[in-house]
Each structure stands twice: as structure tokens, then as C-alpha cells.
1. Which value does Rg/Rh take for segment 115-214 over its C-alpha atoms, Rh per Kirkwood?
2. How large is the accessible surface per residue of segment 287-441, computed with a 1.4 Å probe and reported in Å² as a whole number?
3. Taking 45 Å as R0, compute the FRET efficiency from the Cβ-Cβ separation of Leu282 and Ala482 and round it to 0.05.
4. Would you work out what percent of the accessible area of the chain, with all protein chains in place, is carbon or sulfur (probe 1.4 Å)?
5. At a Förster radius of 35 Å, what calculated FRET efficiency corresponds to the Cβ-Cβ distance of Ala490 and Arg306, to the nearest 0.05?
6. I need the shape label for segment 277-320. Rule: rounded when a/c is under 1.5, else prolate if a/b > b/c, else oblate, with a, b, c from the alpha carbon gyration tensor.
7. Given points 7 Å out from each Cα along the Cα-Cβ axis, report the Asp95 to Val125 separation in nanometres with one decimal.
8. Calculate, for segment 15-151, the solvent-accessible area per residue in square angstrom, rolling a 1.4 angstrom probe over the heavy atoms of the protein chains.
Amino acid sequence: MSALTWLETADRTSPWPGATVVVAGLGTSGFAAADALCELGAHVVVVDEGTSDALADRAGLLEHLGAQVRLGPGASAALDDRADLVVVSPGWHPDAALLLAAGARGVPIWGDVELAWRLMFPDRVVPWLGVTGTNGKTTTTQMLASMLAAAGHRVATVGNIGRPVIEAINEGGYDVFAVELSSFQLHWSQTLRLRSAAVLNLHPDHLEWYARPGATEADLMRDYGADKAAIFRGVEAACVYNVAEPATRAMVEEADVTEGARAIGFTTGIPGVGMLGVVDDLLVDRAFIDQRASSALPLASLADVRPAAPHNVANALAAAALARSFGVPSGAVAEGLQRLVPGGHRIATVEVVDGVTYVDDSKATNPHAADASLRAFGTIVWVAGGQAKGTHFDDLVAAHASRLRGAVLFGTDRAELAGALARRAPGVPVVVLDGADRAVMGEAVRRAATLARPGDTVLLAPGCASLDMWSGYDARGDDFAAAVRALEPAGNPEGEAA
């Protein structure tokens, strides 16, 4: 067990030069954590099984700062005997040998977000507004940040969205952080106490990360949900939940919050008291108002939400609830939504070819996200597949079978999707592609074009992760868009008058 009892209450001013800290993973967050610890004088040991040029470059920088770096296969097989603390990057599975060894020896394990929270004290404290959920985290966090900026706050958009929190803390000068938090990050966080937090939804995803011998899918969902619910622990102002998903309300009811924290619901229907929702074509607030003065305060119009698909309206309402909990005025909600440029690969129309609309929603990396995407369109040729991450598709297919013109499937778990279509939509034409590299996307788009009719939508909503063939969902979406733009319109037959 680590002899450094001060780690239990550690902050920036603790005696870090007396600590040996093992940083597991040298991605963006691992590098930021190691860099910060080196600055504090800790003895830092970084391990990563990778050997890429990017990792080698980061390793060189850290070694210049005094860190010890081990890269390549076997680098993380054993825990350094001197380790007092392990800081783990998101995504490391709990049964990794290094982490099991730390647990057996009583060495504390923190995530990079936990480290950032600790090092914010006592002199760099900034309120955090946090967002988690299975789907919509990034969009909601971006909406929130835009609303905060419209209200005149200097805001950093950090966490799972790409920029490590600790970078923003060290940079300084911010009024508030809009923080996207994944279940992985929350799993390794023990002392977070956010100003306000939202859980957008809870559906099967990343269940392979929670897998353990003898565990049922219900067990894995319970573990996944518990990590999501941790965002509400100690919340000071508002716990924001999805009225349409009772599991998120249960998380609030069971949370150990700071006295005075409120439960705030959001709904795409007419809101009750203490909620945000939609009346006619307006997003309205019935939570952060004087109930004696008004029954509902208009915040924005549906036209301010782009795209205005139902799930994206829900994202906007969740963001507005967090912003309003921080005192953002109503006008800044609309202005923030109007200013926001939607992120790529999220229900993005690529082209209309021969009357068929091609839509890139590569960010739909699980069945729940694909469901939200499929609900936004009429008759669809569905392009899907990849890594299913332990999820299933029967309910999804059953919900949309009547609107599927056809389906084109690829990727590691294409058979899982094909089986669901055979069981739940046996009359839908299905093309299964066996290509094992990125070129499969070109074929998928060409085959989808042969199934589609004018007025249809060819929708890339894979329902699966992308790392079987791509570096990320963005690369997969880029390939889809390129393949669409390479299609040749049928045009007019030769000799026929225009």
C-alpha cells in the first residue's frame, strides 16, 4: 500500500516531489497529466504499449522534463515497485494487468479528470458544468459552451470532447468549464463535485469495457449506469435529467448531492414546473423563473436548433438547463444556439443525387444513437456496421422496419446486424459486404444508390464503433462523403431532350 497518506486529500500544494506516479497511457490526456505532474516535481513513469511516431514525440518531450517513459509491447505488464499513485487514461480496461497490480497493492488509481480536479485546488478553482450520457454529450457540451460564451463568460470546453481539463486549469483565466465526461472518466473519479451536471440518456454501449466472468448484460448495464450516475455526486446547483428516461431521474433521486441542489427535468413535450421543454415552436423554461411572474419563459425557437431533430432539441434543452443553472440570461440561450456551428458527421446532409438525399451521421456509434437518427427521416436505405461493443439491434430494427427501403452492412459485427434484420425485417433487401478495409465504404455507397428511389434518404448511421477499419468515426464519415460525391448522377438518356 502507498505510504503517502496525504494523497487522500492531495491538491496542487501537496509534496509531489516525494511521490512516484505511474501514468498509464500516452494519449492526449496521459501526456497532459504527465506534463502537469512533472511541473510539480513528481517522479513520473509513463507506460504505453504503442510505438507510433506521435507517442515517440510525446515521450521525447516528457523525458526532457525528467519523466521516465516506456513504450512498446509489454511496457505496462508490470507496475513499478516504487509507485505511490497510478493515473490512468480513459479507456484502459479495469482488468489491465497494471491496474490489477495497483489494486492488489493498495495503490490508488485516479483518472486524468480526477487528477485535474485535485490540482485545481486551492488557487485555480473554476466551476464545472458537466455532461454525460450514452449519446449527445459532445453536441450538448458545445451548445452549453456557446450559451455561456454568449452570456459573456470565458469558457473552456474540455474533457472527453478532446481537450484535457488540466490544460485549461494550467492556462488559467476561465470563468467556467463546460465538461464532457465519459463513463470511463467517471469510473476513475472519486472526488468530483460539480456545480451542475446532466445525464442525457442511458442505453447499452461500451458494455465490453465492463465485461467480467459470469456477468449478465443486466449486470453490465448496472455498472455502466452507476458510473454515469457518479456525475451527480455532490452537485451544488442542479442535477439535470431526461424526463423521457426514468433511469436518469432515478440517478438524481439516489444521488448524494449538496443541500439545496435542485432536480431539473428536460422534455421535448410541454414542461411541468421545474422543467424545460417545448411549447408550440419555442424552447421554454419553467424551472429558473419566478413562478408568480410567468408560467413559462421563452428561451429560443426550434429554428435556432440545427438540426432540429427531436434528439437534438433535447440536447439543446439539457444545455439550456445547465446554462440557466449558472445564471445565463434567456437571450443568451438563443444567441448561443444561433452562433453554434454543428460538429461534423452529425446528421449532416452531404449531397442530393438523382433525388436521393445522402446523410452522414457517422457519430451514431451505438443503437440508441442510430435510433435517434433513423427517426429523423422517412424512407431510408440504411448504411451500418462496425464494432457493436456488445450491443444488440433487434429492437432498433423492429422500430424502423416499415421505413427501411434496404440496408447495406459492413464491418466486424455485420452478422449481428444482418441477423437482426433477418429476424425483425425479413422483407427488407440486405446487402452484406465482406470488405476488410476502408475501400468498403465506396462499395457500400454504390450499392445503397442502387437500392434507393427518388425521395429516399441514404443514411450512414452505423450503430457501431469505427475502429475495425477507421481511425475514428470522423474518418468513416469522410469516406462516406467522398464516396457520395464520387457518384455520377444518372442524368438524361442520350438523345433525350433536356
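The values are calculated or read from the model by the stated rules, or taken from the named source; none is laboratory data. Values in this document were obtained by computation on a predicted structure and should not be read as measured data. Counting neighbours? That spans all protein chains shown, and the Cβs are built from the backbone with ideal geometry, glycine included. Protein only, heavy atoms only, side chains kept; ligands, DNA and RNA dropped before computing areas. Shrake-Rupley method; radii C 1.70, N 1.55, O 1.52, S 1.80 Å.
1. 1.00
2. On the way: 5950 Å² over 155 residues.
Result: 38 Å² per residue.
3. Working: r = 39 Å, r/R0 = 0.87.
Using R0 = 45 Å, I get an efficiency of 0.70.
4. 52
5. 0.70
6. Taking the square roots of the gyration eigenvalues as a ≥ b ≥ c, segment 277-320 is prolate.
7. Rounded to a tenth, the inter-label distance reads 4.1 nm.
8. Ligands and nucleic acids excluded, the figure is 34 Å² per residue.
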